[in-house]
Each structure stands twice: as C-alpha cells, then as structure tokens.
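First the structure, in the form of structure tokens, and then the observations on it.
The values are calculated or read from the model by the stated rules, or taken from the named source; none is laboratory data. Because the structure is a prediction, the values reported are computed rather than measured. Note that we place each Cβ from the backbone using ideal geometry, even for glycine, and neighbour counts take in every protein chain shown. Ligands, DNA and RNA are excluded from the accessible area calculation, which covers all protein heavy atoms including side chains. Shrake-Rupley method; radii C 1.70, N 1.55, O 1.52, S 1.80 Å.
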Amino acid sequence: MRLQDKVAIVTGAGQGIGLAYTERFLDEGAKVVMAELHEERGEIGFNSVQNRGDAMFVQTDIADPASAQACVDAAMDRYGRIDILLNNAAIYMDLDISNQSLDYLKTVFDVNVHGQWIMASAAAPHMAAQNSGRIINQASIAAYLYQSMTPQSAEFPGVSNSAYQLSKWTVIGMTKYLAGQLGAYNITVNGIAPGLTFTEATKTVVPSEAQAILGMMQSIKREIQPEDMCGAAVFFASDDSAMVSGQVLCIDGGMTMPA
Ligand SMILES: NC(=O)c1ccc[n+]([C@@H]2O[C@H](COP(=O)([O-])OP(=O)(O)OC[C@H]3O[C@@H](n4cnc5c(N)ncnc54)[C@H](O)[C@@H]3O)[C@@H](O)[C@H]2O)c1
C-alpha cells in the first residue's frame, strides 16, 4: 500500500472522479476526509466507502474560507495531520454553459480557482509544520482546447466567457506558482488534467456531438473512466514523487500532448 496512514483531504468527493480518488486512496491505506458541498452527494459517497477504510464526510464549501478552514480543522481534530490535499472539486456537473455573463465567469472562478487556493491556504500551514505535504490540483485538458466545439454563425455573437476552460487554464498556472512558493517547506504541488472522462457530470454537461469530436481526437480509442485518473493521483500523493513539483499531467488518451 503506497499511502499507508497518510491523511488526505479530497474535495468534491461525493461522486465522480473525487469518489474514485477517495476509493483508491482508501485502498492504498490512506485516511480520507471527504469534503463535499452537496450534503446528499457527500452522504451517498461516504456511505458507499464505509467498508473500505477510515473516512469521514465534512460538508464543505471550498469557495468559503471559513468553511474550508472548518474542514481542515476537522481533519486535524480527527487525524492530527494533513499529508495530502486533492483539490478536485469544481463547478462542472452544475455548469451552466449557456450563461456567458461576467458575473457567471466570477462565480466559476470563485470555486474552480479561488476554491483551490483557499483550501491550499488552509492546509499548507499544517504541511509546513510537518515539513512535508502533497497538493494536487485538478485541472482539465479543456484548458488546452481553445476552439469552440459548436458550429459558429456568420454573425459575431459577442465574446464568450469560456468560464470553465479559462478557470482550468488558471489552475495550471496557479499550480506552478504554489509549487514555487511551497517547495521550501517540502510541499509539492502538481496537477492532473483529465481528458473527457465518463462521469455522470460529463454525460449531463457535454453535448453528444462534442463527446464524439473529443473521442476522435484521442490517440487511444476508448472511453476514459474516473479510475484512469487514480494512478497519477497516487503517484503525486506518494513518496515516489518527492522531487516532482509544478507539473501537470494530462490523462487524456493521448489527445493534447502539450510540450
Ligand atoms: N469528467 C470529466 O470529463 C473531467 C474532465 C476534466 C476535468 N474534470 C474535473 O475533474 C473534477 C471532477 O469531475 P467530475 O466529472 O467528477 O465532476 P462532478 O461535477 O461530478 O464533481 C465535482 C464535485 O465537486 C463538488 N463541488 C462543487 N462545488 C463545490 C464547492 N464549492 N465545494 C465543495 N465541493 C464542490 C460537486 O458537488 C461534485 O460532487 C472537476 O474538477 C472537473 O472539472 C473532469
């Protein structure tokens, strides 16, 4: 087991990729704090891993500093340390792709970008005191897809806010800045950029035409599943990646291949 007795906070752990991370971390011997905004999702996810290992559910809004701090405090109260923060939560299933307003761009950034920073800010002091820690930020290969996936009309529709893509591109930059800051305290910060992964959220949010286009762009021709993300998460969370920081790994079946 590669994460024996490590303490991990996984955000957005109630369903989808966050639940897959939780399951795999428990299988690897970690204790997992499941931080999730939606109470019902959190309870269902937590109940599903009851027999798998030592986990707790803490209802958390990562965009709210007080709530994020309460989550970190709950982890410290129960387990006494925090080794891993997996910043997985984002507005994705609940994304309103039709909303192109500036206010909505800010709403998405509040969670997808600032939420990761808020959680890192709350967890990092404990990691620094331990002189060890692992922060893993969930990005997306959507950051590298600049073109519209929908047919464009001749009439200029106005500038799109590209809220989700822009937020994930910012996560990639923030990962590198945090890595630069926190390395002195033996805290690594890395990112995972999934390709189109067949969670309930993807089936709900991504139009079928876009799913088909993205599938054709993969060099490995099979659907990506949440479990495909877990090997990278365990690597970044484990001692094996002690000297790896500021890296973002695309797990997209060979689609984007950024240099
Ligand atoms: N599924 C994909 O194809 C794909 C591709 C690239 C990146 N991602 C990213 O992977 C992560 C998980 O994706 P998923 O498919 O499981 O999506 P999902 O929407 O099912 O999971 C996100 C989880 O985060 C929770 N959440 C939302 N706002 C929150 C907040 N303020 N505080 C705490 N929790 C909050 C949601 O309730 C949900 O459980 C997201 O960061 C997503 O952007 C997914």
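Here E40 sits with roughly 140 square angstrom of accessible surface, probe radius 1.4 Å. In order along the stretch 152-164, the phi-based Karplus estimate (6.51 cos²θ - 1.76 cosθ + 1.60, θ = phi - 60°) of 3J(HN,Hα) comes to 9, 7, 5, 7, 5, x, x, 6, 6, 7, 6, 4, 5 Hz; Gly and Pro are listed as x. Within the same chain, aspartates and glutamates fewer than 8 places from K221 are excluded, and of the rest, those with a Cα less than 18 Å from its Cα are E209, D252.
Does the stretch 19-139 classify as rounded, prolate or oblate by the C-alpha gyration tensor (a ≥ b ≥ c root eigenvalues; a/c under 1.5 gives rounded; else a/b over b/c gives prolate, otherwise oblate)? Please list the in-between numbers first.
Working: a/c = 2.06, a/b = 1.37, b/c = 1.50.
Cα axes put the stretch 19-139 in the oblate bin.
Straight-distance candidates among the lysines for linking to K6, with alpha-carbon spacing under 18 Å and chain neighbours fewer than 8 residues away dropped: K31. Summing Cβ point charges (Lys, Arg +1; Asp, Glu -1) relative to the Cα centre of the chain gives a dipole of roughly 640 debye. If you run the Gaussian network model on the chain, springs between alpha carbon atoms under 10 Å, then out of N87, N47, N137 the most flexible one is N47. Which of R222, R134, R41 moves the most in a Gaussian network model of the chain with Cα springs under 10 Å? Top of the fluctuation ranking is R222.
Under 17 Å of direct C-alpha separation, and excluding same-chain neighbours fewer than eight residues apart, K106 reaches these lysines: K168.
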